[in-house]
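Participant: Below is one structure. I have some questions about it.
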Amino acid sequence: MNDMGVLLSEYRRYSELLRGRLGAVRWMGIESESLKAVQVERGIVYAQAITDPRQYEPQSVDRLIEIASSPRLADMAVIDRTGHHRPIYRALLVYSWLRAFGLMYEILPRSEFGRWEEGLRPWCDLLESDLGEIDWPTGAMPAGRGATATQAAWIALALHAAGKIYIRDAWTDLAGDVFGKLSHAQNPDGSFLLAGVSDNPESHWFHELVLLHAASSYAVQAEDKLVAAAVLKNTRFQQQQVQPDHATTQPWGLFAFVWNPRTRDFAGQMLHAATITDSTISLMLLADALYCLELFLK
């Protein structure tokens, strides 16, 4: 078997592992929502769409569609089931919904297709507005602003997906600009964030993993060689410097570590950690890893 055959064989193996881990994905219901907050776990529709669209549960996105036309949309907090908020959650939720739409639009009933299409657009407009408020410095983003960097990267990933669905070049251009800045400002050691001695290592590692996930997903979807090279450098940095189990048990960046043959052992460790935890967010991230892998297998 040649090198390409070995590579595709490995991608198929991980694809099968991920499909087995995702299994029959169910919407777990409301735990922390209120009139002013919605759960990021509604993005589970992505995992449902990529494994078996027939298991799609409308209630997972119904509220997202309902509040899309609300004047309170911009003030709606996106939280996890424990009530915790992260700046990345809004973009992660919208990206997951967009990806599910892309996977399911051909089988959605016409009435449902229209609801999704119209419901998603205001959320995407809101992300564009959020991105406009983020100031990216010349050079690498300081590790102390890691949450801001991850928010920008995940908004960019979501806008790239939205730009393809809605045929809106302005959104794909914004995405390319963000990932271009991230890649051009990459540190010599491969890290994306500029860390100092006073920065908390676990927080820094977490944000590096979250950035890596967004960058690798964008690189393969956009076929961006510059960002792909930055991803490769970052996986090497993370293999040498990061202890992911100290930062998170969620599989942020899993696809990137599968993509680099030298870091697949790292990917195996992450997948094992994700297998023994009960996290809907982990299932959403595994779904994205599966989506990226299967782009190579089509």
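Participant: Less than 24 Å apart at the alpha-carbon level, and either on another chain or at least 8 residues along: which lysines does that give for Lys164?
Facilitator: Straight-line reach from Lys164, under 24 Å: Lys181, Lys225, Lys298.
Participant: Then there's this: Hey, which aspartates and glutamates would be in cross-link range of Lys233, C-alpha to C-alpha under 14 Å, not counting anything within fewer than 8 residues on its own chain?
Facilitator: Straight-distance partners of Lys233: Asp189, Glu208.
Participant: Highest mean first, how do 263-275, 74-86 rank when packing is the count of other Cβ atoms within 10 Å averaged over residues?
Facilitator: Top to bottom by mean Cβ count within 10 Å: 263-275, 74-86.
Participant: Ok, one more. Scan the chain and note any complete DSSP helix (H) whose C-alpha atoms cover at least 20 Å along its axis and whose Kyte-Doolittle average is 1.6 or more.
Facilitator: Span-like helices in the chain: 280-297.
Participant: Report the semi-axes of the equivalent ellipsoid for region 1-147 in whole Å, largest first, where each axis is √(5λ) for an eigenvalue λ of the Cα gyration tensor.
Facilitator: 28, 24, 16
Participant: Ok, one more. Considering only C-alpha atoms, what is the centroid distance from region 260-298 to region 84-153, in Å?
Facilitator: 20
Participant: Expressed as a rounded percentage, what relative contact order does the chain have, with Cα pairs under 8 Å and six or more residues apart?
Facilitator: 19
Participant: Counting only protein heavy atoms and a 1.4 Å probe, tell me what percentage of region 112-219's accessible area is made up of carbon and sulfur.
Facilitator: 50
Participant: Using a 7 Å offset from the Cα along the Cα-to-Cβ direction at both Leu295 and Asp125, what is the distance between the two label points in nm, to one decimal?
Facilitator: With each label point 7 Å from Cα toward Cβ, the separation is 2.8 nm.
Participant: I need to check one value: relative contact order of region 95-197, counting alpha carbon pairs closer than 8 Å and at least 6 residues apart, in percent.
Facilitator: Relative contact order for region 95-197 comes out at 30 percent.
The values are calculated or read from the model by the stated rules, or taken from the named source; none is laboratory data. Fair warning: this is a prediction, and the values are worked out from it, not measured in the lab. Note: ideal-geometry Cβ built from the backbone for every residue, glycine included; neighbour counts use all protein chains shown. Calculation scope for accessible area: heavy atoms of the full protein, side chains included, ligands and nucleic acids excluded. Shrake-Rupley method; radii C 1.70, N 1.55, O 1.52, S 1.80 Å.
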